[in-house]
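Structure first, commentary second.
The values are calculated or read from the model by the stated rules, or taken from the named source; none is laboratory data. Keep in mind it's a predicted model, so treat the numbers as computed, not measured. Note: ideal-geometry Cβ built from the backbone for every residue, glycine included; neighbour counts use all protein chains shown.
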Amino acid sequence: MRAGARVAQEPVIVWTRPGRGTRGPAAVHTRAELAEVAVRLADRGGLAAVSMRQVGAELGTGQASLYRYLGSRDDLLDLMTDAVAGEIDLNVPLTGDPAEDLVALAVRAKDARLRHPWLLDVPPEPLRIGPNGMDFLEYALRALAPAGLPGRTSMEIVALLNALTEQFSRAELQTDRGLTSRQGAQAAYIGETAARGGHPHVAAALAQQSEADPAEDGQPRFERIMRRALTGLITQAADS
């Protein structure tokens with residue numbers, strides 16, 4: 001390396017940064033307190049309501065003082081998402097049936113997302129994970145352990161569980177809010193186009209869907225689909 005060349009620095013994430021900066025007065029707030037305030041703001045006004053300035057105002061301190069604890073708003077988002085991950089009960093005993101244990105875990109994870117709709121607006125990062133997220137991953141992999149799958153396969157199954165849980169949460173929240181005029185028009189287009197012929201499989205699927213039990217809510221449907229997907233993946237991976 002030539003003299004004077006700069007050495008690339010690895011980004012410092014909130015979990016590897018000291019709890020407070022080395023300069024300035026002693027810290028008077030914890031990361032847990034910052035996360036609690038930010039989550040409360042987001043629950044009340046959505047993710048857009050969360051800013052370093054607003055969190056500081058809620059804590060009775062200036063925005064600049066928060067940089068004794070955080071490097072950026074991304075750090076705050078990390079704290080918030082991990083705080084919600086901490087709401088998922090990981091003390092539920094495992095049954096030894098990987099698919100059933102993962103379905104039950106997915107239900108609890110979806111409930112946490114529905115309690116905090118703003119979570120679905122957090123910019124996706126595959127590795128946005130903190131201490132509580134690590135505990136969630138450990139629990140999920142422990143649930144999968146009886147299947148005896150390779151580590152890479154188990155990680156892929158957990159990733160799929162998270163992706164499906166997020167999509168179902170998004171769809172359920174949208175259903176609760178009702179269709180927008182555009183979505184209603186799109187639904188009508190699909191039905192009318194299928195009814196005109198030329199798409200017999202679409203028409204049959206829509207007809208069978210309309211005949212489904214209207215008393216069935218989103219949760220049984222979510223559990224049924226998750227169970228089929230996870231059972232199929234685990235069985236296929238174990239046989240391959």
Here are GLY232, GLY178: which of them is under 23 Å from the mean Cα position of the chain (by Cα), of a type in the set (Gly, Ala, Ser) and modelled with pLDDT under 85? GLY178
For the stretch 66-74, check the following and say yes or no: at least one residue is free of Cβ contacts under 8 Å to residues at least 24 places away in the same chain, buried (at least 18 other Cβ atoms within 10 Å of the Cβ) and outside the structural domain of GLY130 (by TED's automatic domain parsing). no
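Across the stretch 181-196, what is the number of residues that are in contact with a His (Cβ under 8 Å, 6 or more places away or on another chain) and at pLDDT below 80?
So the answer is 0.
Where residues in the stretch 75-98 are without any contact (Cβ under 8 Å) to a residue 60 or more places away in the chain and in a helix (DSSP H, G or I), which of them is surrounded by the most Cβ atoms within 10 Å (Cβ to Cβ)?
Step one: of the stretch 75-98, the residues without any contact (Cβ under 8 Å) to a residue 60 or more places away in the chain are 76-77, 80-97.
Pick out the ones that are also in a helix (DSSP H, G or I) and you get 76-77, 80-85.
On the way: LEU76: 23, LEU77: 21, MET80: 25, THR81: 21, ASP82: 23, ALA83: 19, VAL84: 21, ALA85: 22.
Only one residue fits best here, namely MET80.
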Go through the residues of the stretch 10-33 one by one and say whether even a single one is over 24 Å from the mean Cα position of the chain (by Cα), exposed (fewer than 10 other Cβ atoms within 10 Å of the Cβ) and either under 19 Å from ASP74 (Cβ atoms) or at pLDDT 90 or above (or both). yes
Report whether or not ALA57 is closer than 24 Å to GLU125 by Cβ, modelled with pLDDT of 85 or more and outside the structural domain of LEU120 (by TED's automatic domain parsing). no
Residue match in the stretch 99-108 (condition: crowded, with 19+ Cβ neighbours inside 10 Å and either more than 20 Å from ILE225 (Cβ to Cβ) or among the hydroxyl-bearing types (Ser, Thr, Tyr) (or both)): no
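Taking the stretch 40-72 on its own, how many of its residues are part of a helix (DSSP H, G or I) and either of a type outside the set (Ser, Thr, Tyr) or touching a Phe, Trp or Tyr at 6+ places or on another chain (Cβ under 9 Å) (or both)? Steps first, answer last, please.
Kept after step one, since they are part of a helix (DSSP H, G or I), are these residues of the stretch 40-72: 40-45, 47-49, 52-59, 63-66.
Checking the rest, the ones that are also either of a type outside the set (Ser, Thr, Tyr) or touching a Phe, Trp or Tyr at 6+ places or on another chain (Cβ under 9 Å) (or both) come to 40-45, 47-49, 52-59, 63-64, 66.
Of the residues in the stretch 40-72, 20 are part of a helix (DSSP H, G or I) and either of a type outside the set (Ser, Thr, Tyr) or touching a Phe, Trp or Tyr at 6+ places or on another chain (Cβ under 9 Å) (or both).
Does GLN167 satisfy being in the same structural domain as ILE129 (by TED's automatic domain parsing), part of a helix (DSSP H, G or I) and either among the hydrophobic types (A, V, I, L, M, F, W, C) or at pLDDT 85 or above (or both)?
Taking the combined requirement at face value, the residue satisfies it.
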